[in-house]
1. Kindly sort LEU27, LEU56, LEU17 by accessible area of their heavy atoms, largest first, with the probe set to 1.4 Å.
2. Heavy atoms only, probe 1.4 angstrom, no DNA, RNA or ligands counted: give me THR5, THR33 ranked by accessible area, highest first.
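The values are calculated or read from the model by the stated rules, or taken from the named source; none is laboratory data. These figures come from a predicted structure and were not determined experimentally. Heavy atoms of the whole protein, side chains included, go into the accessibility calculation; ligands, DNA and RNA do not. Shrake-Rupley method; radii C 1.70, N 1.55, O 1.52, S 1.80 Å.
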Amino acid sequence: MEAHTVTTVVKPTARALFTVKAAAEYLSFGRSTVYELMASGDLPYVKVGRSRRIRLVELDAFVAQLEPQSK
């Protein structure tokens, strides 16, 4: 008798919260730019203990409000 192996492929789910490093990668910015945006209030974040996390919806809203440059 042959043994059959069943493999299940699980698609990764969309991330709900991003670290500053992951948010910087998502936005193609440097980490210091993300910290500056958070400090200025342009990029809302949540605190979990001592850690700051940025919600995916906030990242997408930030990108959506950016104005294209005409020059």
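1. Reading off the accessible areas and sorting them downward yields LEU17, LEU56, LEU27.
2. Order by accessible area, largest first: THR5, THR33.
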